[in-house]
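Peer 1: Would you mind keeping the following structure in view while I ask a few things?
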Amino acid sequence: QQKVQQSPESLIVPEGGMASLNCTSSDRNVDYFWWYRQHSGKSPKMLMSIFSNGEKEEGRFTVHLNKASLHTSLHIRDSQPSDSALYLCAARGSNTNKVVFGTGTRLQVLP
Amino acid sequence: EAAVTQSPRNKVTVTGGNVTLSCRQTNSHNYMYWYRQDTGHGLRLIHYSYGAGNLQIGDVPDGYKATRTTQEDFFLLLELASPSQTSLYFCASSVQGNYAEQFFGPGTRLTVL
């Protein structure tokens with residue numbers, strides 16, 4: 001069964017700092033990755049997706065993907081207290097309809 | 001934005017009880033999913049469906065049944081609830097396609113005493 005590992009489990013950064021989150025899949029057939037953000041007491045909501053090797057930037061958020069190592073990372077620059085949330089990585093292989101989620105990284109941004 | 005609703009939002013039952021969780025999406029999405037979320041385990045897929053009458057087994061299906069009655073409605077059934085099924089349950093929907101993001105409902109918190 002495919003596993004999606006995320007690290008670190010938790011992360012504390014100061015306001016204005018850089019947060020870096022990691023995610024690796026155990027399934028060599030994985031082709032698609034998403035990052036979801038879940039604020040406390042709320043449901044997950046997609047933040048960014050990445051399907052090709054390389055980098056994708058949207059505002060303060062940048063995702064990287066290395067398909068050879070099945071690794072994606074999410075970087076948040078100029079972190080804000082409103083970025084404090086659980087960040088979930090999700091992955092899916094090209095030969096399945098199932099999306100597997102990681103256990104998440106809990107980010108806390110201190111004012 | 002995609003709309004997914006769940007009911008009830010909170011439910012307390014006793015061991016051995018019968019529980020039905022409901023989910024409705026109004027976006028004409030093909031796919032619907034049931035997840036449970038527990039601390040330390042992230043989101044785990046219970047069952048999913050790609051259309052009315054269809055059911056696919058997820059990663060943690062034991063103790064759960066599901067039924068997709070229409071394009072819009074997906075139900076999760078716990079026929080003999082156990083304390084290990086105490087959890088936060090999310091329903092989600094998506095269009096068909098490799099790049100499809102999932103849209104989540106607000107969740108149902110279930111407590112089995």
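Taken together, the values in this text are just the output of simple stated rules run on the coordinates, not laboratory data. Keep in mind it's a predicted model, so treat the numbers as computed, not measured. Every residue, glycine as well, gets a Cβ built from its backbone with ideal geometry; the counts of neighbours run over all protein chains shown.
Peer 1: According to the square roots a ≥ b ≥ c of the eigenvalues of the Cα gyration tensor, what is the shape class of region B:4-44, taking rounded for a/c under 1.5, prolate for a/b larger than b/c otherwise, and oblate for the remainder? Intermediate values should be presented prior to the final figure.
Peer 2: Numbers: a/c = 2.49, a/b = 1.35, b/c = 1.84.
Oblate, since a/c reaches 1.5 and b/c is not below a/b.
Peer 1: I would also like to ask the following. Given B:Ile57, B:Gly16, B:Gly97, which one lies farthest toward the positive end of the charge dipole of chain B, if we put +1 on the Cβ of every Lys and Arg and -1 on the Cβ of every Asp and Glu?
Peer 2: B:Gly16
Peer 1: Under a crude label model (7 Å from the Cα following the beta-carbon direction), how far is B:Leu77 from B:Ile57 in nanometres?
Peer 2: Here the answer is 1.8 nm between the modelled labels.
Peer 1: Mind checking A:91-102 for the average number of partner chain beta-carbons within 10 Å of each residue's beta-carbon? Numbers along the way, then the final one.
Peer 2: Values: counts 0, 3, 1, 1, 0, 0, 9, 7, 11, 6, 9, 2.
If you average over the peptide's residues, the count of other-chain Cβ atoms is 4.
Peer 1: Where in region A:1-20 does the label zone of A:Leu110 land, with the point 7 angstrom along Cα→C-beta and an amide N cut-off under 16 Å?
Peer 2: Hits in region A:1-20 for A:Leu110 at 16 Å: A:10-19.
Peer 1: With a ≥ b ≥ c taken as the square roots of the eigenvalues of the C-alpha gyration tensor of chain A, please select rounded if a/c is under 1.5 and otherwise prolate if a/b is larger than b/c or oblate if it is not? Kindly include the intermediate steps, with their values, before the conclusion.
Peer 2: Details: a/c = 2.08, a/b = 1.64, b/c = 1.27.
Because a/c hits 1.5 or more and a/b exceeds b/c, chain A counts as prolate.
Peer 1: In whole Å, what are the extents of the protein assembly as shown along the principal axes defined by its C-alpha atoms, from largest to smallest?
Peer 2: 48, 38, 32
Peer 1: Starting from the eigenvalues of the Cα gyration tensor, five times each then square-rooted, give me the equivalent ellipsoid semi-axes of region A:45-105, largest first, whole Å. The partial results should precede the final answer.
Peer 2: Working: eigenvalues 94, 44, 17 Å².
For region A:45-105, the semi-axes come out at 22, 15, 9 Å.
Peer 1: Sticking with this one: Along Cα→Cβ, 7 Å out, is where each label goes; now give me the distance between the ones at B:Ser28 and A:Ser20 in nm to one decimal.
Peer 2: 4.5
Peer 1: Relative contact order for chain B using alpha-carbon pairs under 8 Å, separation at least 6, rounded to a whole percent? Show your work: numbers first, answer last.
Peer 2: Values: 299 pairs, mean separation 40.3, N = 113.
Normalised by residue count, the contact order of chain B is 36 percent.
Peer 1: Let me ask something else. For region B:53-112, what is one quarter of the convex hull surface built on the Cα atoms, given in nm²? All intermediate terms of the calculation are to be shown ahead of the outcome.
Peer 2: Working: hull surface 19.3 nm².
Averaging across all directions leaves 4.8 nm² for the Cα convex hull.
Peer 1: To the nearest 20 Debye, how big is the dipole of chain B about its Cα centre, given +1 on the beta carbon of each Lys and Arg and -1 on that of each Asp and Glu? Mind dumping the intermediate values first?
Peer 2: Values: 8 positive and 8 negative charges, 47 e Å.
The calculation lands at about 220 debye.
Peer 1: Please work out the FRET efficiency for the pair B:Leu113 and B:Thr39, using the Cβ-Cβ distance as r and a Förster radius of 22 Å; give the result to the nearest 0.05. Let's see the in-between values first.
Peer 2: On the way: r = 19 Å, r/R0 = 0.87.
About 0.70, to the nearest 0.05.
Peer 1: Place a +1 charge on the Cβ of each Lys and Arg in chain A and a -1 charge on the Cβ of each Asp and Glu, then give the dipole magnitude about the Cα centre in debye, rounded to the nearest 20. Can you show the working numbers first?
Peer 2: Numbers: 12 positive and 9 negative charges, 73 e Å.
Computed about the Cα centre, the dipole is about 360 debye.
Peer 1: Could you pull the Cα extents of chain B along its three principal axes, largest to smallest, in whole Å?
Peer 2: 39, 29, 23
Peer 1: I want to make sure I understand the PRE zone here: with the label point 7 angstrom from the Cα of A:Asn97 toward its beta carbon, which residues in region B:39-56 have backbone N atoms less than 11 Å away?
Peer 2: B:48-56
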